[in-house]
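I have placed the structure first, in the form of C-alpha coordinates, so that the comments after it can refer back to it.
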Amino acid sequence: MLAYRGVAHAYGARRVLEGVTLAVQRGERVALLGSSGAGKTTLFRLAYGAFAPTSGSVLVDGIDLAGLSGNALRAVRARIAVVFQQHGLIDQLSVSANVIAGTFGRRTTIGALRAVLSPSADDRAAVAAALEHVGLADRARDRAFDVSGGQRGRVAIARAIVQRAELVLADEPAASLDPLLAREIVDVLLTDAQERDAALVCTLHQPELTRGFDRVITLEGGHIVHDTRTAAA
Ligand SMILES: Nc1ncnc2c1ncn2[C@@H]1O[C@H](COP(=O)(O)OP(=O)(O)OP(=O)(O)O)[C@@H](O)[C@H]1O
Ligand SMILES: [Mg+2]
(Lines give C-alpha, C1' and ligand atoms only; values in the text may rest on other atoms or scores of the structure.)
(Ligands and ions follow the chains in the order given, each with its own letter.)
Protein backbone atom coordinates (compact mmCIF):
# COMPACT_ATOMS: atom_id res chain seq x y z
CA MET A 1 0.00 0.00 0.00
CA LEU A 2 2.91 2.32 0.80
CA ALA A 3 6.49 1.84 -0.32
CA TYR A 4 9.67 3.83 0.08
CA ARG A 5 12.52 2.76 -2.19
CA GLY A 6 15.96 4.02 -1.28
CA VAL A 7 14.55 7.31 -0.09
CA ALA A 8 16.84 10.11 1.03
CA HIS A 9 15.67 13.56 1.92
CA ALA A 10 17.40 16.78 2.82
CA TYR A 11 15.95 20.16 3.68
CA GLY A 12 18.60 22.37 2.12
CA ALA A 13 21.85 21.19 3.67
CA ARG A 14 20.17 19.26 6.51
CA ARG A 15 20.04 15.60 5.61
CA VAL A 16 17.07 14.05 7.33
CA LEU A 17 16.48 10.63 5.71
CA GLU A 18 19.06 8.25 4.26
CA GLY A 19 18.41 5.08 2.28
CA VAL A 20 14.96 4.35 3.67
CA THR A 21 13.43 1.26 2.07
CA LEU A 22 10.17 0.11 3.53
CA ALA A 23 6.94 -1.49 2.34
CA VAL A 24 3.69 -1.44 4.26
CA GLN A 25 1.03 -3.90 3.09
CA ARG A 26 -2.72 -3.41 2.95
CA GLY A 27 -4.16 -4.20 6.37
CA GLU A 28 -0.80 -3.91 8.09
CA ARG A 29 -0.62 -1.77 11.21
CA VAL A 30 2.76 -0.22 11.85
CA ALA A 31 3.99 1.78 14.83
CA LEU A 32 6.78 4.19 13.95
CA LEU A 33 9.07 5.16 16.82
CA GLY A 34 11.99 7.54 16.82
CA SER A 35 13.27 10.44 18.83
CA SER A 36 12.25 14.00 18.07
CA GLY A 37 13.81 15.11 14.80
CA ALA A 38 14.37 11.53 13.57
CA GLY A 39 12.40 12.21 10.39
CA LYS A 40 9.02 10.60 11.12
CA THR A 41 6.89 13.52 9.99
CA THR A 42 9.09 13.91 6.93
CA LEU A 43 8.27 10.31 5.96
CA PHE A 44 4.57 11.16 6.19
CA ARG A 45 4.93 14.33 4.15
CA LEU A 46 6.62 12.30 1.43
CA ALA A 47 3.80 9.71 1.47
CA TYR A 48 1.32 12.51 0.99
CA GLY A 49 3.26 13.98 -1.89
CA ALA A 50 3.83 17.27 -0.06
CA PHE A 51 7.24 17.34 -1.77
CA ALA A 52 9.48 14.91 -3.61
CA PRO A 53 12.36 13.12 -1.89
CA THR A 54 15.88 14.26 -2.71
CA SER A 55 16.45 10.77 -4.11
CA GLY A 56 14.61 7.47 -4.29
CA SER A 57 10.89 6.97 -4.82
CA VAL A 58 7.67 6.84 -2.87
CA LEU A 59 4.76 4.73 -4.09
CA VAL A 60 1.17 4.59 -2.90
CA ASP A 61 -0.54 1.37 -3.99
CA GLY A 62 2.10 1.03 -6.69
CA ILE A 63 1.69 4.59 -7.98
CA ASP A 64 4.94 6.53 -8.01
CA LEU A 65 4.23 9.99 -6.63
CA ALA A 66 7.07 11.55 -8.61
CA GLY A 67 5.73 14.01 -11.10
CA LEU A 68 2.08 13.64 -10.07
CA SER A 69 0.18 16.88 -9.81
CA GLY A 70 -3.32 18.29 -10.09
CA ASN A 71 -6.09 15.72 -10.31
CA ALA A 72 -3.77 12.72 -10.28
CA LEU A 73 -2.20 13.81 -7.00
CA ARG A 74 -5.62 14.68 -5.55
CA ALA A 75 -6.89 11.21 -6.45
CA VAL A 76 -4.02 9.57 -4.58
CA ARG A 77 -4.45 11.88 -1.60
CA ALA A 78 -8.15 11.01 -1.36
CA ARG A 79 -7.01 7.46 -0.56
CA ILE A 80 -4.81 8.62 2.32
CA ALA A 81 -6.03 9.96 5.64
CA VAL A 82 -3.45 11.99 7.49
CA VAL A 83 -3.80 12.95 11.10
CA PHE A 84 -1.31 15.79 11.18
CA GLN A 85 0.76 16.52 14.23
CA GLN A 86 -0.73 20.03 14.12
CA HIS A 87 -4.25 18.62 13.59
CA GLY A 88 -5.15 21.00 10.73
CA LEU A 89 -8.60 21.89 12.02
CA ILE A 90 -10.52 24.93 10.88
CA ASP A 91 -11.12 26.85 14.10
CA GLN A 92 -14.20 28.74 12.93
CA LEU A 93 -16.12 25.61 11.96
CA SER A 94 -17.90 23.28 14.31
CA VAL A 95 -16.36 20.02 15.42
CA SER A 96 -18.79 18.06 13.21
CA ALA A 97 -18.02 20.22 10.14
CA ASN A 98 -14.33 19.51 10.70
CA VAL A 99 -15.06 15.79 10.83
CA ILE A 100 -17.13 15.91 7.66
CA ALA A 101 -14.16 17.47 5.91
CA GLY A 102 -12.71 13.95 5.94
CA THR A 103 -15.08 13.13 3.07
CA PHE A 104 -14.08 16.07 0.85
CA GLY A 105 -11.53 14.06 -1.10
CA ARG A 106 -14.27 11.94 -2.64
CA ARG A 107 -16.61 14.87 -3.36
CA THR A 108 -16.82 17.76 -5.76
CA THR A 109 -16.48 21.28 -4.36
CA ILE A 110 -20.26 21.70 -4.42
CA GLY A 111 -20.71 18.29 -2.81
CA ALA A 112 -18.27 19.27 -0.06
CA LEU A 113 -20.14 22.52 0.62
CA ARG A 114 -23.42 20.70 0.70
CA ALA A 115 -21.99 18.14 3.13
CA VAL A 116 -21.08 20.93 5.54
CA LEU A 117 -24.25 23.02 5.14
CA SER A 118 -26.83 20.26 4.98
CA PRO A 119 -25.29 16.85 5.58
CA SER A 120 -27.26 13.78 4.54
CA ALA A 121 -28.55 11.34 7.14
CA ASP A 122 -25.67 8.98 6.22
CA ASP A 123 -23.10 11.71 6.73
CA ARG A 124 -24.62 12.71 10.04
CA ALA A 125 -24.58 9.10 11.20
CA ALA A 126 -20.94 8.62 10.12
CA VAL A 127 -19.87 11.79 11.94
CA ALA A 128 -21.80 10.84 15.07
CA ALA A 129 -20.27 7.35 15.08
CA ALA A 130 -16.73 8.68 14.59
CA LEU A 131 -17.13 11.27 17.36
CA GLU A 132 -18.54 8.58 19.61
CA HIS A 133 -15.43 6.44 18.90
CA VAL A 134 -13.11 9.22 20.02
CA GLY A 135 -15.25 10.12 23.03
CA LEU A 136 -16.48 13.48 21.77
CA ALA A 137 -20.11 12.76 20.97
CA ASP A 138 -21.21 15.69 23.12
CA ARG A 139 -18.94 18.25 21.41
CA ALA A 140 -20.22 18.03 17.82
CA ARG A 141 -21.72 21.51 17.83
CA ASP A 142 -18.84 23.32 19.50
CA ARG A 143 -16.44 25.38 17.45
CA ALA A 144 -13.13 23.61 16.94
CA PHE A 145 -11.50 26.68 18.53
CA ASP A 146 -13.28 25.92 21.78
CA VAL A 147 -12.05 22.36 22.37
CA SER A 148 -8.82 21.49 24.16
CA GLY A 149 -5.54 20.47 22.52
CA GLY A 150 -6.05 16.77 23.23
CA GLN A 151 -9.63 17.00 22.01
CA ARG A 152 -8.52 18.65 18.76
CA GLY A 153 -6.35 15.63 18.09
CA ARG A 154 -9.34 13.40 18.62
CA VAL A 155 -11.44 15.49 16.20
CA ALA A 156 -8.69 14.98 13.62
CA ILE A 157 -8.89 11.21 14.19
CA ALA A 158 -12.67 11.26 13.78
CA ARG A 159 -12.15 13.11 10.49
CA ALA A 160 -9.71 10.42 9.37
CA ILE A 161 -12.23 7.69 10.26
CA VAL A 162 -15.03 9.18 8.15
CA GLN A 163 -12.63 9.43 5.22
CA ARG A 164 -12.52 5.60 5.07
CA ALA A 165 -9.06 5.79 3.52
CA GLU A 166 -7.03 2.76 2.48
CA LEU A 167 -3.95 4.23 4.11
CA VAL A 168 -4.09 6.06 7.42
CA LEU A 169 -1.06 8.04 8.59
CA ALA A 170 -1.40 9.26 12.16
CA ASP A 171 1.34 11.56 13.39
CA GLU A 172 1.54 11.33 17.17
CA PRO A 173 -2.16 10.79 17.77
CA ALA A 174 -1.41 10.12 21.42
CA ALA A 175 0.41 13.39 22.06
CA SER A 176 -1.19 15.61 24.69
CA LEU A 177 -3.46 12.82 25.94
CA ASP A 178 -3.30 11.22 29.36
CA PRO A 179 -2.06 7.60 29.34
CA LEU A 180 -5.51 6.04 29.57
CA LEU A 181 -6.99 8.11 26.77
CA ALA A 182 -3.83 7.66 24.67
CA ARG A 183 -4.34 3.89 24.82
CA GLU A 184 -8.01 4.26 23.91
CA ILE A 185 -7.32 6.49 20.94
CA VAL A 186 -4.59 4.23 19.60
CA ASP A 187 -7.02 1.33 19.95
CA VAL A 188 -9.65 3.28 17.98
CA LEU A 189 -7.14 3.66 15.13
CA LEU A 190 -6.09 0.01 15.31
CA THR A 191 -9.68 -1.25 15.25
CA ASP A 192 -10.74 1.08 12.46
CA ALA A 193 -7.83 -0.07 10.28
CA GLN A 194 -8.48 -3.72 11.04
CA GLU A 195 -12.20 -3.51 10.28
CA ARG A 196 -11.56 -1.88 6.91
CA ASP A 197 -8.36 -3.77 6.04
CA ALA A 198 -6.62 -0.41 5.79
CA ALA A 199 -2.90 0.11 6.28
CA LEU A 200 -2.07 2.20 9.34
CA VAL A 201 1.19 3.92 10.16
CA CYS A 202 1.21 5.64 13.48
CA THR A 203 4.09 7.61 14.97
CA LEU A 204 4.38 7.29 18.72
CA HIS A 205 6.76 8.45 21.40
CA GLN A 206 5.88 5.91 24.05
CA PRO A 207 7.03 2.33 23.29
CA GLU A 208 4.30 0.94 25.56
CA LEU A 209 1.70 2.18 23.07
CA THR A 210 3.02 -0.13 20.36
CA ARG A 211 1.02 -3.03 21.83
CA GLY A 212 -1.55 -4.24 19.29
CA PHE A 213 0.45 -3.17 16.21
CA ASP A 214 1.60 -5.82 13.72
CA ARG A 215 4.98 -4.25 13.25
CA VAL A 216 7.20 -1.76 15.06
CA ILE A 217 9.72 0.33 13.17
CA THR A 218 12.30 2.60 14.76
CA LEU A 219 13.79 5.47 12.85
CA GLU A 220 16.99 7.07 14.15
CA GLY A 221 19.21 9.59 12.46
CA GLY A 222 17.32 9.15 9.21
CA HIS A 223 17.77 5.36 9.10
CA ILE A 224 15.49 2.49 9.99
CA VAL A 225 17.34 0.87 12.89
CA HIS A 226 14.71 -1.69 13.96
CA ASP A 227 11.90 -3.32 12.03
CA THR A 228 10.15 -5.98 14.07
CA ARG A 229 7.00 -7.94 13.42
CA THR A 230 5.20 -8.62 16.64
CA ALA A 231 4.29 -12.14 17.72
CA ALA A 232 0.60 -11.48 17.22
CA ALA A 233 1.03 -10.64 13.52
N1 LIG B 1 10.77 22.48 6.32
C2 LIG B 1 11.91 22.20 6.96
N3 LIG B 1 13.04 22.89 6.73
C4 LIG B 1 14.21 22.60 7.36
N5 LIG B 1 14.34 21.59 8.24
C6 LIG B 1 13.25 20.85 8.51
C7 LIG B 1 11.99 21.12 7.90
N8 LIG B 1 11.09 20.23 8.38
C9 LIG B 1 11.76 19.45 9.23
N10 LIG B 1 13.06 19.82 9.31
C11 LIG B 1 14.10 19.16 10.13
O12 LIG B 1 14.18 17.81 9.73
C13 LIG B 1 14.40 16.95 10.85
C14 LIG B 1 13.33 15.89 10.90
O15 LIG B 1 12.09 16.51 11.13
P16 LIG B 1 10.74 15.68 11.31
O17 LIG B 1 9.68 16.68 11.54
O18 LIG B 1 10.59 14.74 10.19
O19 LIG B 1 11.08 14.87 12.65
P20 LIG B 1 10.14 14.00 13.58
O21 LIG B 1 10.76 12.65 13.69
O22 LIG B 1 8.75 14.06 13.08
O23 LIG B 1 10.26 14.75 14.98
P24 LIG B 1 9.15 14.96 16.14
O25 LIG B 1 9.11 13.66 16.91
O26 LIG B 1 9.73 16.08 16.96
O27 LIG B 1 7.87 15.31 15.51
C28 LIG B 1 14.45 17.88 12.07
O29 LIG B 1 15.77 18.14 12.38
C30 LIG B 1 13.73 19.12 11.60
O31 LIG B 1 14.21 20.26 12.27
MG1 LIG C 1 7.03 14.79 13.82
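The values are calculated or read from the model by the stated rules, or taken from the named source; none is laboratory data. Computed from a predicted model, the values in this text were never measured in an experiment. Cβ atoms come from the backbone with ideal geometry, glycine included; neighbour counts cover every protein chain shown. With ligands, DNA and RNA removed, areas are computed over all heavy atoms of the protein, side chains included. Shrake-Rupley method; radii C 1.70, N 1.55, O 1.52, S 1.80 Å.
Conditions (1) closer than 30 Å to Ala75 by Cα; (2) free of Cβ contacts under 8 Å to residues at least 24 places away in the same chain; (3) not assigned by TED's automatic domain parsing to the domain that holds Arg74, marked per residue:
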residue: Ala140; (1), (2), (3): yes, no, yes
residue: Arg154; (1), (2), (3): yes, no, yes
residue: Leu169; (1), (2), (3): yes, no, no
residue: Pro173; (1), (2), (3): yes, no, no
residue: Arg183; (1), (2), (3): no, no, no
residue: Thr203; (1), (2), (3): yes, no, no
residue: Glu220; (1), (2), (3): no, no, no
Counting only residues in the range 183-209 that are within 15 Å of ligand 1 (Cβ to nearest atom) and farther than 21 Å from Ala3 by Cβ, the one surrounded by the fewest Cβ atoms within 10 Å (Cβ to Cβ) is identified as Pro207
Expected single match for modelled with pLDDT under 95 and away from ligand 2 (no atom under 16 Å from the Cβ) among Thr210, Thr230 is Thr230
Those residues of the range 42-85 which are in contact with an Asp or Glu (Cβ under 6 Å, 6 or more places away or on another chain), of a type outside the set (Gly, Ala, Ser) and more than 16 Å from ligand 1 (Cβ to nearest atom) amount to Arg79
Taking the range 11-41 and keeping residues surrounded by 15 or more Cβ atoms within 10 Å (Cβ to Cβ), more than 6 Å from ligand 1 (Cβ to nearest atom) and either assigned to a strand (DSSP E or B) or not assigned by TED's automatic domain parsing to the domain that holds Leu190 (or both) leaves Leu17, Glu18, Val20, Leu22, Val24, Arg29, Val30, Ala31, Leu32, Leu33
Gly135: passes all of (1) open to solvent by less than 40 Å² (accessible area, probe 1.4 Å); (2) outside any helix (DSSP H, G or I); (3) not aliphatic (A, V, I, L, M) but (1)
Q. Out of curiosity, is Val7 buried (at least 17 other Cβ atoms within 10 Å of the Cβ) and either assigned by TED's automatic domain parsing to the domain that holds Leu190 or charged (D, E, K, R) (or both)?
A. yes
Checked the range 78-115 for anything open to solvent by 70 Å² or more (accessible area, probe 1.4 Å) and without any contact (Cβ under 8 Å) to a residue 12 or more places away in the chain; matches are Gln86, Phe104, Arg107, Thr108, Thr109, Ile110, Leu113, Arg114
Given the structure, is Ile224 closer than 25 Å to Val16 by Cα, surrounded by 15 or more Cβ atoms within 10 Å (Cβ to Cβ) and either acidic (Asp, Glu) or not assigned by TED's automatic domain parsing to the domain that holds Phe104 (or both)? yes
